[in-house]
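Right, one structure below, let's go through it.
Derivation of every value follows stated rules applied to the coordinates shown; laboratory data play no part. Bear in mind the structure is a predicted one, so any value in this text is a computation, not a measurement. Methodologically, a virtual Cβ is constructed for each residue, glycine included, from the backbone with ideal geometry; neighbour enumeration extends over all protein chains shown.
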Protein chains: 2
Amino acid sequence: MGLSDMIAQFILAGLEQSDGAVELSRGSLAERFGCVPSQINYVLTTRFTPEHGYIIETKRGGGGYIRVIRVRLSPRDLIMHTVNAVGDGIDSASASALLQNLRDALGERLTAVIAAACSDRALRGVEPPERDGVRAEILKQCLLRAL
Amino acid sequence: MGLSDMIAQFILAGLEQSDGAVELSRGSLAERFGCVPSQINYVLTTRFTPEHGYIIETKRGGGGYIRVIRVRLSPRDLIMHTVNAVGDGIDSASASALLQNLRDALGERLTAVIAAACSDRALRGVEPPERDGVRAEILKQCLLRAL
DNA sequence: TATACTATGGTCAGTAAAGGTCAAAGGGGA
DNA sequence: TCCCCTTTGACCTTTACTGACCATAGTATA
């Protein structure tokens, strides 16, 4: 497991303990993991995005902080919200992030199946220019049926 | 026995030892067999396909990997038979018919979702000439994940 | 009050480390 | 010989991590 994954786990653990919201110090966290501060930003922007179901609030300057907040909606709202968030096109990474966020609402098996339907592997017969558009359509149709 | 067969055997042996799922490093494997990395892709795409009953998961970048998963479970034969029946392309009507046969094995909701993923509606962004090929790929990937 | 210092966090481009794709060349069997 | 399966290598994409430089907020001081 890479550094980024360990940092992400640490944050996740904090969220678990504190009911969905933690406040971090970028500098201290970086020091704890022996990396440069910007590594923390990397972890946040790749693993704690709105698509993953998180909100980030920060403040600079003296006494600055980074707050990570996990968003929780009802299963139905979550699915509807996701359908609306998909838009006309979605890349592979964003689709999996969205789907992971729906895991509880959809169940393990359904999530895996929809992820498979949206995977680049399944869509390798579609040329890249149109691939994200097709993926978006498949994802939306699946989610609507799962509702 | 050719190089590809030896590599395939090596992977098979790993699957045997680890209960149906192995994680490989493309670079290391290639080095071990003294071939170019893309040779590994060749082996995977010719011998560990959905038709053979395998799922491939990969991650690029630092700490990347290739995971080979052998599908197992009880309704396996029925589903594998279907996967093989799909072939390189399948029209909308045939896909629905195939899915209806699997209704008991998959359950109502899953069947509906996979049908949605394979629908012309979901694939309206794919031009008819290629549509059946894309549908076949989606269907196979979904069925393997549904096992 | 205005200015300067200090303490934070943010951005972005660059580097390295994987894996992916595809077309062309090679080789063995019918 | 011809065809199909193998093998190779050049080029591409994605992910991880780092460091230099930037922006902002609080605090001390002239």
What is segment B:1-127's relative contact order, in percent, from Cα pairs under 8 angstrom and six or more apart in sequence?
-> 19
Compare the Cα positions of B:Ala146, B:Asn101, B:Val86 along the charge dipole of segment B:76-146 (+1 at Cβ of Lys, Arg; -1 at Cβ of Asp, Glu; about the Cα centre) and return the one farthest towards the positive end.
-> B:Ala146
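Residues with beta-carbon under 12 Å from that of B:Cys142, excluding B:Cys142: net charge, scoring Lys, Arg +1 and Asp, Glu -1?
Details: positive: A:Arg109, A:Arg121, B:Arg135, B:Lys140, B:Arg145; negative: B:Glu137.
With Lys, Arg at +1 and Asp, Glu at -1, the neighbours total +4.
I want the local charge near A:Thr111. Using Cβ-Cβ distances under 13 Å, sum +1 for each Lys or Arg and -1 for each Asp or Glu among the other residues. Let's see the in-between values first.
Working: positive: A:Arg103, A:Arg109, B:Arg109, B:Arg145; negative: A:Asp104, A:Glu108.
Around A:Thr111, the surrounding residues sum to +2.
Charges at C-beta only: +1 for Lys and Arg, -1 for Asp and Glu. How large is the resulting dipole of segment A:75-146 about its Cα centre, in Debye rounded to 20? Write down the numbers at each step before the final one.
Values: 9 positive and 10 negative charges, 56 e Å.
In total the dipole reaches around 260 debye.
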Quick one: label points 7 angstrom along Cα→Cβ at B:Leu12, distances to the other copies in nm, smallest first?
-> 3.6
Please list A:69-79, A:120-130 highest first by mean number of surrounding beta-carbon atoms within 10 Å per residue.
-> A:120-130, A:69-79
In the Gaussian network model of chain B, springs joining C-alpha atoms below 10 Å, which of B:Gly53, B:Gly14, B:Gly63 carries the largest mean-square fluctuation?
-> B:Gly63
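Work through the residues other than B:Ser94 whose Cβ is under 13 Å from its Cβ and net out their charges, Lys, Arg +1 and Asp, Glu -1.
On the way: positive: B:Arg131, B:Arg135; negative: B:Asp88, B:Asp91, B:Asp120, B:Asp132.
Net charge around B:Ser94: -2.
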Long-range HN-HN contacts of B:Leu24 with modeled amide H, under 5 Å = B:Ile66, B:Arg67, B:Val68
Chain lengthening between B:Asp91 and B:Asp104 when straightened (0.36 nm per residue, less Cα-Cα) = 2.5 nm
Along Cα→Cβ at 7 Å, what distances in nm separate the B:Gly89 label point from those on the other copies, shortest first?
-> 2.6
Given label points at 7 Å from Cα along Cα→Cβ, what nm distances, shortest first, separate B:Tyr42 from the same residue in every other copy?
-> 3.4
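Please state the charge dipole magnitude for segment A:3-70, taken about the Cα centre, from unit charges on C-beta atoms (+1 on K and R, -1 on D and E), reported in debye and rounded to the nearest 20.
On the way: 7 positive and 7 negative charges, 47 e Å.
In total the dipole reaches around 220 debye.
Count, for each residue of A:130-140, the Cβ atoms from other chains sitting within 10 Å of its Cβ, then give me the mean as a whole number.
Numbers: counts 4, 3, 1, 3, 8, 2, 2, 8, 11, 3, 3.
For this peptide, the per-residue mean of nearby foreign Cβ atoms is 4.
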Along segment A:99-116, what does the Karplus equation 6.51 cos²θ - 1.76 cosθ + 1.60 (θ = phi - 60°) give for ³J(HN,Hα), rounded to whole Hz, x for Gly and Pro?
-> 5, 4, 5, 9, 3, 5, 6, 9, x, 4, 5, 4, 4, 5, 5, 5, 4, 5
